[in-house]
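Just below is one structure, and these are the notes that go with it.
The values are calculated or read from the model by the stated rules, or taken from the named source; none is laboratory data. Computed from a predicted structure; not experimentally measured. Note that we place each Cβ from the backbone using ideal geometry, even for glycine, and neighbour counts take in every protein chain shown.
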Amino acid sequence: MKIPDLAELALRNLRESLLRNSLTTVGISVGVASLVAMLSLGIGLQQLFSRRLAKSGLFDTVLVTSRRDLRGMGRDRDDRGGPTPGESRVLDEPARQEIERLPNVLEAYPDIRFPTELRYEDKPHLTMISALPSSAKSNDAFEGMQGSFFSSDTAAEVILQKTFAEELLGKTPARGIDETNVADLARPLLGKELTMLYSQREPSSTQSSSTAAVASAGGDVVGAAYSVVSRELKLKIVGVSDQDPETMRGPTRAKVFLPLKLAQNLHVMQPTDLREVSRAASDQPVYSSVSVRVKNPAQVKLVEDAVKKMGFGTFSILDASRGLQLVFTVLFAFLGIFGSLALIVASIGIVNTLVMAILERRREIGIMKAIGASDGDVKAIFFAEAGSMGILGGIVGVVFGWGIGQVINMATNLYLKSQSFPPEHFWAVPWWLVAFAILFAFFVSLLSGLYPAGRAARLDPVQALRYE
Amino acid sequence: MTTAPAISNARATVAIHSENLCRHYRMGDTLIRAVDGVSLAVRAGEFVALLGSSGSGKSSVLNLIAGLDRPTSGSVIVQDRDLAKLSREELAKYRLHVVGMVFQSFNLIASMTLAENVELPLRFAEVDRSQRQNLASEALGRVGLRARMNHRPSELSGGEQQRAALARALINRPQLLLADEPTGNLDSHTGTEIMDMVRQFNRELGMTVMMVTHERALAERYAQRMIFLADGKLIDDRINDDQVNTPTEDVHKGGRS
C-alpha cells in the first residue's frame with residue numbers, strides 16, 4: 001500500500017475508537033513530555049554553566065607566566081617537558097606579541113594589578129586596581145552594570161565595583177544578602193571625578209624630584225636601576241558594576257577597573273617589580289603574567305602547549321571543565337533514562353491498545369485479507385497506527401514538556417527575584433531535542449507495534465471471517 | 001440433465017481444476033475431513049453452484065479455491081496457478097487480482113463509506129487516488145448505488161449492502177467470482193435481484209462464477225452446473241440443461257441506474 005493511503009487508513013482507524021486511542025496517545029505525550037522536561041533541564045543547566053564559565057573569561061583563558069614566577073609561587077603543575085627554570089624567558093612585550101600571533105589566539109593582554117590610593121571628595125581610599133582589555137565588555141561581570149564601559153582603551157575613565165561605590169558614598173557594605181540597588185549607588189557617582197595617586201617607575205636617568213633609587217641586586221643586568229615617581233591622575237567614573245568581586249577570578253577580581261592601554265602607559269610600579277628589579281628597570285614593559293584568550297575552549301590545550309614550547313608557564317581551568325563535562329554527561333544519561341521510563345510505560349499502552357484493536361477488528365482483518373490485502377499490508381496498517389500515535393503523542397508531548405519547562409522556569413525566576421538574584425534560563429529546548437523527542441516517540445511506538453502488527457498479519461482469514 | 005463433460009476435452013478453457021483436493025484439520029482428538037478428495041474442473045465462463053447441507057464441505061472448497069485456505073493434500077489450480085505452491089504474498093496477489101468474493105454477511109467494513117469499501121482492493125493494488133475514485137464510482141453505478149456512495153453500510157438495506165459487496169468484488173476485474181451463500185441473509189425478492197446481477201456479470205463480463213448455496217431451487221434457476229458435496233466428498237456433478245440451453249432471459253431488473 002502507498003504511504004499516504006496507509007496514513008489515511010491509520011488515522012481513520014484511530015478515529016474509530018477515539019477515546020481509547022486518545023488516552024494511549026496522551027500516555028505517550030506524557031512520556032515524551034517527561035523526557036523533554038528532563039533533557040531540557042539537563043541541557044539548560046549545562047548551557048547555563050557553559051555560559052557562565054565562558055563569560056567569566058576563565059573557560060577560554062590561559063594564564064601565561066614566566067616559569068620562574070610559577071616555581072616561586074609553588075604551583076607549578078607541569079614538570080613534563082618544557083624548559084627548565086633556567087631557560088625561562090622574560091615575559092615582555094615581544095613575547096606577548098608572539099603569543100598573540102599563535103593560531104587560535106584571540107588576544108593576549110598583560111595582567112596589570114596594583115594597589116593604590118584613590119581620592120574622592122578629598123577622602124583617601126586604598127584599593128586594588130585592575131586593568132581590563134576592551135574585550136572584557138562582554139564579560140558577565142559587567143552584565144548588571146550601570147553607566148557604560150570605557151569609551152576607549154586609553155580614556156581616563158574608571159569603573160567601580162559596587163562595594164567600592166558604597167565605600168565612596170560612606171555606606172557600610174551590607175552583610176549577607178545584598179539588597180542595595182546598583183542604580184541608586186551609581187546615580188550620585190557617574191560622571192564624577194576620582195584622583196588616583198600612584199607610583200610611576202622610570203629609568204633612573206630621569207631627573208625627578210622625589211626619587212627612591214633602587215640598585216640592581218646583580219645578575220645579568222648590571223647597574224640597572226629605576227626611580228619611583230609619585231603621580232596623580234584624574235579619572236572619570238563611567239560605570240558601577242553589580243558583580244560581587246569574591247565570585248570572580250582573574251582580572252575582574254578587583255574593586256576598581258581601568259582601561260588596559262591607559263594602565264600600561266602609566267608604568268605603575270607593581271608589587272612584582274621589587275623581585276624583578278632588573279626587568280622593571282628596562283624600558284620595555286615586562287609583565288608578571290599575560291592572559292591569553294582562546295577562540296574556542298576546545299583549543300585551550302593546543303594554545304597551552306604552544307605557549308609552553310615558547311618557555312612560559314601556563315595555567316587554565318580546562319581540566320576542571322573536563323570534569324564538569326563528565327558530570328554533565330552522567331547527569332544527562334540519568335535524566336534521559338528517567339525521562340524515558342514514562343515513555344516505555346506508554347509504549348506498553350500502545351501494545352495493549354493495538355492488541356485490543358486486533359481482537360475488535362479481527363473480522364475486518366479477515367475481510368481485508370479476503371479482498372486481497374497481503375500480510376505486509378495488514379502489518380503496515382497496524383504499524384501506521386502505532387506510528388501515528390507515536391508522532392501525535394510526540395508532538396503533543398514536546399509542547400507539553402516545553403510548557404512544563406516554561407512554568408518551572410518562570411516559577412524559579414520568580415523565586416530568584418524574591419531572593420534578588422537575576423533571572424536565569426536554565427531550561428532550554430533546542431530544535432534537535434524537539435526532533436529527537438518526536439522521532440524517539442515514533443520509533444518506540446513502531447517498536448511497540450511490532451508484536452501486534454505481526455499478530456494481525458498472521459491471522460488466518462478463514463477463522464477471522466468466521467468471527468463475529 | 002446430463003453428467004458433466006470430461007475434463008480433457010475442455011483443457012484449454014479450464015478455469016479451476018482440482019485433483020484429489022483434501023483439507024483436514026484437527027479438533028481436539030478428532031480429525032475432521034472438511035474436504036476429502038475432491039476432483040473437479042470448471043470451464044472459464046461457467047456458472048457453477050456448490051450444493052450440500054451444512055458441514056458438507058462446500059464452503060471449505062470455496063475457501064481453498066479463493067486462496068484463503070491451503071489444501072492439506074491434493075492440488076487446486078486456478079487460471080494456471082497452483083495455489084498450494086504459492087507463497088503467502090503470491091496468494092494475496094492472487095486474491096487481489098484473480099478472485100472477487102461475496103459473502104452471506106456482506107462483510108463490508110462498517111467504518112467506511114460504500115465508496116471507500118469498494119475502492120479498498122484498489123488501495124492494496126496501489127492504484128492512484130483519482131483513478132480509484134473513478135473506478136469505485138463506476139462500479140457502484142453498475143450496481144445502481146452511485147447515489148449512495150457516501151453512505152456507510154449501516155445506513156443501507158441488506159440488498160444494497162450485498163450490491164455494494166458485488167461492486168467491491170468486481171473492482172479489480174477478476175476472472176473468478178466466488179460467492180458464499182450470497183442470498184442467505186436476504187429476502188427472496190432482493191435475493192433474486194442479487195442473483196440476476198451475478199448472472200449478468202457471468203454473461204456480460206464472461207466471469208467464471210462459483211456459488212455456494214444450500215438452496216437447490218436457487219441453483220437450478222441460475223447455475224449452469226451443480227456440484228453436490230457431502231462429508232467433504234463430491235457426490236454428484238451435473239449440467240443444468242435449462243440454463244445451458246436457454247442462455248438469455250431478461251435479467252436486467254437490478255442493473256444500471
Practice item. Working only within region B:123-152, note down all residues that are buried (at least 22 other Cβ atoms within 10 Å of the Cβ) and over 22 Å from B:LEU96 (Cα atoms). Key: B:LEU145
Check your understanding: Would region B:109-122 turn up any residue that is facing chain A (nearest Cβ under 8 Å), surrounded by 23 or more Cβ atoms within 10 Å (Cβ to Cβ) and either assigned to a loop (DSSP other than H, G, I, E, B) or touching a helix residue (DSSP H, G or I) at 6+ places or on another chain (Cβ under 8 Å) (or both)?
Key -> yes
Point to revise | Lone unmet requirement of (1) within 19 Å of B:LEU96 (Cβ to Cβ); (2) crowded, with 21+ Cβ neighbours inside 10 Å; (3) within 14 Å of chain A (Cβ to nearest Cβ) for B:GLN161 | key: (1)
Check your understanding: Tell me, which residue of region A:1-34 that is modelled with pLDDT of 85 or more and touching a Phe, Trp or Tyr at 6+ places or on another chain (Cβ under 7 Å) is nearest to the other protein chains (Cβ to nearest Cβ)?
Key -> A:SER29
Check your understanding: Can you tell me which residues in region A:410-425 are without any contact (Cβ under 8 Å) to a residue 60 or more places away in the chain and either within 14 Å of chain B (Cβ to nearest Cβ) or out of contact with any Ser or Thr (no Cβ under 9 Å at 6 or more places or on another chain) (or both)?
Key -> A:MET410, A:ALA411, A:THR412, A:ASN413, A:LEU414, A:TYR415, A:LEU416, A:LYS417, A:SER418, A:PHE421
Point to revise | Filter result (outside any strand (DSSP E or B) and either crowded, with 20+ Cβ neighbours inside 10 Å or among the acidic types (Asp, Glu) (or both)) within region A:98-122 | key: A:GLU98, A:ILE99, A:GLU100, A:ASP111, A:ILE112, A:GLU121, A:ASP122
Revision key, fill the gap. Taking region B:26-66 and the residues there that are among the acidic types (Asp, Glu) and surrounded by 15 or more Cβ atoms within 10 Å (Cβ to Cβ), the one that is nearest to the other protein chains (Cβ to nearest Cβ) would be B:ASP36
Study note, to complete from the structure: Of the candidates B:ALA164, B:ALA179, B:ALA169, B:ALA219, the one satisfying the condition of being in contact (Cβ under 8 Å) with a residue 12 or more places away in the chain, in the same structural domain as B:VAL38 (by TED's automatic domain parsing) and part of a helix (DSSP H, G or I) is B:ALA219
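Residues are listed down the side, and each one gets a yes or a no for (1) under 12 Å from the mean Cα position of the chain (by Cα); (2) more than 13 Å from chain A (Cβ to nearest Cβ):
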| position | (1), (2) |
| --- | --- |
| B:ALA165 | yes, no |
| B:GLN175 | yes, yes |
| B:LEU178 | yes, no |
| B:ASP187 | no, yes |
| B:ASN202 | yes, yes |
| B:MET207 | yes, yes |
| B:VAL212 | yes, yes |
| B:ARG216 | no, yes |
Point to revise | Failed condition for B:LEU122, given (1) in contact (Cβ under 8 Å) with a residue 24 or more places away in the chain; (2) more than 14 Å from B:ALA165 (Cβ to Cβ); (3) touching an Asp or Glu at 6+ places or on another chain (Cβ under 6 Å) | key: (3)
Point to revise | A:THR272 vs. criteria surrounded by fewer than 21 Cβ atoms within 10 Å (Cβ to Cβ), of a type outside the set (A, V, I, L, M) and modelled with pLDDT under 80 | key: yes
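To keep it simple, each residue is scored yes or no on (1) outside any helix (DSSP H, G or I); (2) within 14 Å of chain B (Cβ to nearest Cβ); (3) surrounded by 24 or more Cβ atoms within 10 Å (Cβ to Cβ).
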| position | (1), (2), (3) |
| --- | --- |
| A:ALA373 | yes, yes, yes |
| A:VAL378 | no, yes, yes |
| A:ILE395 | no, no, no |
| A:VAL434 | no, no, no |
| A:ILE438 | no, no, no |
| A:PHE442 | no, no, no |
| A:SER448 | no, no, yes |
| A:PRO452 | no, no, no |
| A:ARG455 | no, no, no |
Exercise for review: Could you look through region B:91-102, keep only residues that are touching a Pro at 6+ places or on another chain (Cβ under 9 Å), surrounded by fewer than 24 Cβ atoms within 10 Å (Cβ to Cβ) and within 8 Å of another protein chain (Cβ to nearest Cβ), and pick out the one that is farthest from B:MET207 (Cα to Cα)?
Suggested key: B:LEU96
Check your understanding: Got a number for residues in region A:336-371 being among the small types (Gly, Ala, Ser), closer than 22 Å to A:SER17 by Cβ and within 10 Å of chain B (Cβ to nearest Cβ)?
Key -> 1
Point to revise | Residue match in region A:37-49 (condition: part of a helix (DSSP H, G or I), more than 14 Å from chain B (Cβ to nearest Cβ) and modelled with pLDDT of 90 or more) | key: no
Review point. Can you tell which of A:MET389, A:MET356 is out of contact with any Gly (no Cβ under 9 Å at 6 or more places or on another chain) and surrounded by 14 or more Cβ atoms within 10 Å (Cβ to Cβ)?
Key: A:MET356
Point to revise | Filter result (assigned to a helix (DSSP H, G or I) and either more than 9 Å from every other protein chain (Cβ to nearest Cβ) or at pLDDT 95 or above (or both)) within region B:80-89 | key: B:LEU83, B:ALA84, B:LYS85
Review point. Residues in region B:123-155 that are within 13 Å of chain A (Cβ to nearest Cβ) and in a loop (DSSP other than H, G, I, E, B): how many?
Key: 5
Check your understanding: When you look at B:LEU40, is it over 30 Å from B:ASP242 (Cα atoms) and at pLDDT 90 or above, yes or no?
Key -> no
Check your understanding: Any residue in region B:67-79 that is more than 14 Å from chain A (Cβ to nearest Cβ) and crowded, with 21+ Cβ neighbours inside 10 Å?
Key -> yes
Study note, to complete from the structure: With criteria (1) at negative phi; (2) touching a residue at least 40 places away in the same chain (Cβ under 8 Å); (3) small (Gly, Ala, Ser), B:SER130 comes up short on (2)
